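The values are calculated or read from the model by the stated rules, or taken from the named source; none is laboratory data. As the structure is a prediction and not an experimental result, all values here were calculated from the model. Because the Cβ atoms are built from the backbone with ideal geometry, glycine has one as well, and the counts that use them run over all protein chains shown. Accessible surface is based on the protein model in full, side chains and every heavy atom, while ligands, DNA and RNA are left aside. Shrake-Rupley method; radii C 1.70, N 1.55, O 1.52, S 1.80 Å.
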Amino acid sequence: MDFEKQFVELDSAIKEMRQLATEWGDSARQELKRLKKKRQKVFYETYAKLTPWQRTLLARHPDRPYTLDYINIIFSDFIELHGDRKFGDDSAIVGGLAQLGSHKVVVIGHQKGRGTKENISRNFGMASPEGFRKALRIMKLAEKFRKPIITFIDTPGAYPGLGAEERGQAEAIARNIYEMMFLRVPIISIVTGEGGSGGALALGVADRLLMLENSVYSVISPEGCAAILWKDHTKANEAATALHMTAQDLLKLKVADEILKEPIGGAHRNPTMMAHIVRRAILRCLAQMSRLSEDKLLEDRYRRYRQYGVFRELVE
Amino acid sequence: MDHTLWSAAALSELWRNPVWFKRENKPKEKIENKKLQIPQGLWIRCKNCKEIIYKKEVERNFDICPKCQYHFYISAQKRLSLLYDQGEYNTFDDHLQPTDPLKFRDRKKYRDRLKEYAALTGLKDAIISSEGTIGGYRVVICAMEFGFMGGSMASVVGEKIVRGAERCLAEKIPLITIACSGGARMQEGIISLMQMAKTSAAVGKLAEAGLPFISILTDPTTGGVSASFAMLGDIIISEPKALIGFAGQRVIEQTIGQELPPGFQTAEFLLAHGMIDMIVDRRQMRSTLIKILSFFALGPPPQGPDGQ
């Protein structure tokens, strides 16, 4: 990542100076001190004012923790469930039964791959209809046994492929949105990385939407938007700003309820710490919602989505 | 739309000098280039079969190509007048106007685009909400207008569909939507995406109340509209040869690195893959709706004094 390069350069300079320090003594030691200070300053300054495009790059960082990383740290006794019972098992989405403290929950999320080989088998976290239908099947299971649903959102979007279209990508997404709206159990969604349009929303109709500090959620990728509106896909930087797609934007637009602070430099610099922040937030939301009746829960959820929209009513 | 237009002058020139008889080797493009420069005319070229057809004949034929039955784009207003009894209906929620919540600006301001399309279509946004009777059955029809920013869905479209559904709930009548849209509107960002959830939820409320929802798909129905209310109809009807799908064709081609098979993402393709109930010719759409409405009207009698 471009803006991460400067730290790598500074780090190597520091390393060199440290070796020299033993030979040269005081003057080198002072230089080392100066370099260390500079690195810290640059580091904090960079992450204190990230642009929307830089946040998008962080949200897509290849070292960023993914759904299974969170599951492994946050939950105990995860039992993964497979298949949509209709066509296949899409590994771009994982889901199963898990324990969180005293809570039995169902957890589902997009799963990107670590490295090329796994990414190909996970299809880079881009789900096909089977994936969404598997997710829905597991959510229905949660409803049947009255267990809360936790979803992790991290996808470039639903897979734009031949087979996906043949098997009803549009219908699969629509069905998930529709069904999630009326599931009689609490739903908590956490955008951990990229919230890519319909593919994200198909796991994201929730009572609480939490977003990691450097996560993004958008109607279209900045590259796609730039290609269509600017006729130039290299204008992704501008598009990312125009789309208002960062966690901070979504909090202002009242789509996200809460921002989960990341370790400085991004979630990938301390996945364990990040996972514990996420864990605490989930527990807090579960506690809030356990007080609500099912009817109240559904009423609130409907009202939440009913009110999205900004328009003017002219006097007739 | 990109119909090739012929003027009377060009035609008479061709009539006097029928180049297609004598000069086989003359490059075809040259004639076509000439035709493209002619702004208006009595003849149009069919987008599907490429035949030259008489414009009046097409208009008389519900804007359907008499040669290949391709259904040309027609405005939402025209669609409504073809469906309602005597072509009469009332519109509602016309007073909802889009704003620019994100102060969106690409090469052009969103605000300016809105003004432009409003002037072009006479509408405030890409949808008309209407109420009237079809075969005597009272219905609400929300018809999307492709001519307004590609029929894209943002705050106003979402709100009008939801209010349309709410009117159906209050009056206990069926909802019909006519989709004609490229998907969610980028210029309202995440708020547009949320309209997918909002409209799907409203459709769910109709289901809870036992009211029928008929979704009509026309060319094109893609993206966030196909992936929300449009694919959730109790009955889903499409016009012939309409493009229907989630992802855009260019995106798919780029992703899979190969050309798409002919007929991919057409109404016929969706029917074959079990995604829609039926394909109905525009000329039979009204009579088909009447049949469907009469079936649902035979269900449990509506409660309340003002029930149908």
Checklist entry - Accessible area of B:Leu120, 1.4 Å probe, to the nearest 10 Å²? => result 130 Å²
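Which net charge results for the neighbourhood of B:Pro174, defined as the other residues with beta-carbon distances under 14 angstrom from its beta-carbon, given Lys and Arg at +1 and Asp and Glu at -1?
+1
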Checklist entry - Roughly what % of DSSP beta bridges within the protein assembly as shown run antiparallel, to the nearest 5? => result 45 percent
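Take each of the peptides B:284-294, B:218-228, average the number of other beta-carbon atoms within 10 Å over its residues, and list them starting from the highest.
The most tightly packed comes first, giving B:218-228, B:284-294.
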Checklist outcome for this item: Scaled by the rule-of-thumb 2.2 N^0.38 Å, the alpha carbon Rg for the stretch B:171-233 gives a ratio of 1.13
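Would you kindly work out the equivalent ellipsoid of chain A from its C-alpha gyration tensor and give its semi-axes, the square roots of five times the eigenvalues, largest first in whole Å?
38, 23, 21
When Cβ neighbours within 10 Å are restricted to other protein chains, what is their mean count per residue of peptide A:216-229?
On the way: counts 1, 3, 5, 18, 9, 0, 0, 0, 3, 4, 1, 2, 4, 9.
Shielding by partners across A:216-229 averages 4.
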Item to check | Inter-chain Cβ neighbour average for residues B:157-166, partner chain, 10 Å | outcome: 2
Item to check | Volume per residue that the Cα convex hull of the protein assembly as shown spans, once the total is divided by residue count, Å³ | outcome: 202 Å³
Next on the checklist: At 1.4 Å probe size, what's the solvent-accessible area of B:Trp43? Round to the nearest 10 Å².
Outcome noted: 80 Å²
Checklist entry - How large is the dipole of the stretch A:2-49 about the Cα centre if only Lys and Arg carry +1 and Asp and Glu carry -1, each at its Cβ, rounded to the nearest 20 debye? => result 260 debye
Next on the checklist: With a 1.4 Å probe and all protein chains kept in place, how much accessible area does B:Glu59 have, in Å² rounded to the nearest 10?
Outcome noted: 90 Å²
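Could you rank A:His233, B:His273 by how accessible they are, 1.4 Å probe, largest area first?
Values: A:His233 120, B:His273 75 Å².
Greatest to least solvent exposure: A:His233, B:His273.
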Checklist entry - Of A:Val216, A:Val42, A:Val191, which has the largest mean-square fluctuation in a 10 Å C-alpha GNM of chain A? => result A:Val42
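How would A:Ile277, A:Ile153 line up by accessible area, probe 1.4 Å, largest first? Please report the intermediate quantities before stating the final value.
Values: A:Ile277 35, A:Ile153 0 Å².
Of A:Ile277, A:Ile153, the descending order of accessible area is A:Ile277, A:Ile153.
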Next on the checklist: Roughly how far apart, in whole Å, are the Cα centres of the stretch A:163-222 and the stretch B:137-203?
Outcome noted: 19 Å
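Averaged across B:173-184, how many Cβ atoms of other chains sit within 10 Å of each residue's Cβ atom?
Values: counts 0, 0, 0, 0, 0, 0, 0, 0, 0, 1, 5, 5.
Per residue, the average neighbour count from other chains is 1.
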Checklist outcome for this item: Scoring only Lys, Arg, Asp and Glu (+1, +1, -1, -1) among other residues with Cβ under 14 Å from the Cβ of A:Leu297 yields +3
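For chain A, what is the calculated [θ] at 222 nm in deg cm²/dmol (nearest 500), taking -39500 (n - 2.57) for each run of four or more DSSP H residues and dividing by its residue count? Let's see the in-between values first.
On the way: 14 runs with 159 residues, N = 316.
Here the helix-only value at 222 nm equals -15500 deg cm²/dmol.
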Checklist outcome for this item: Within the set A:Ile93, A:Ile228, A:Ile150, GNM on chain A using Cα springs under 10 Å gives the largest fluctuation to A:Ile228
Checklist entry - GNM, chain A, Cα, under 10 Å: largest mean-square fluctuation among A:Gly265, A:Gly157, A:Gly25? => result A:Gly25
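Past the 32 Å Cα-Cα mark, which pairs from A:Lys41/A:Lys252; A:Lys5/A:Lys134; B:Lys47/B:Lys108; A:Lys38/A:Lys261? Please list the in-between numbers first.
Numbers: A:Lys41/A:Lys252 29 Å; A:Lys5/A:Lys134 40 Å; B:Lys47/B:Lys108 30 Å; A:Lys38/A:Lys261 24 Å.
Exceeds cut-off: A:Lys5/A:Lys134.
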Item to check | For the stretch A:2-49, average projected area of the Cα convex hull in nm² | outcome: 3.0 nm²
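Past the 19 Å Cα-Cα mark, which pairs from B:Lys56/B:Lys241; B:Lys56/B:Lys291; A:Lys296/B:Lys205? Show your work: numbers first, answer last.
Working: B:Lys56/B:Lys241 22 Å; B:Lys56/B:Lys291 30 Å; A:Lys296/B:Lys205 16 Å.
Result: B:Lys56/B:Lys241; B:Lys56/B:Lys291 exceed 19 Å.
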Next on the checklist: Tell me which cysteines of the protein assembly as shown come out unpaired when the rule is another cysteine's Cβ under 4.7 Å.
Outcome noted: A:Cys225, A:Cys285, B:Cys142, B:Cys168, B:Cys180
Checklist entry - What nm value, rounded to one decimal, do you get for the distance between A:Glu313 and A:Lys15 when each label is placed 7 Å out toward the C-beta? => result 6.4 nm
Item to check | Lys, Arg +1 and Asp, Glu -1 on Cβ, resulting dipole of the protein assembly as shown about Cα centre, debye, nearest 20 | outcome: 940 debye
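Among B:Thr177, A:Thr234, what's the order by accessible area (1.4 angstrom probe), most exposed first? Write down the numbers at each step before the final one.
Details: B:Thr177 0, A:Thr234 95 Å².
Per-residue accessible area, sorted high to low, gives A:Thr234, B:Thr177.
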Checklist outcome for this item: Rg from C-alpha atoms of the stretch B:128-287, normalised by the globular rule of thumb 2.2 N^0.38 Å, equals 1.02
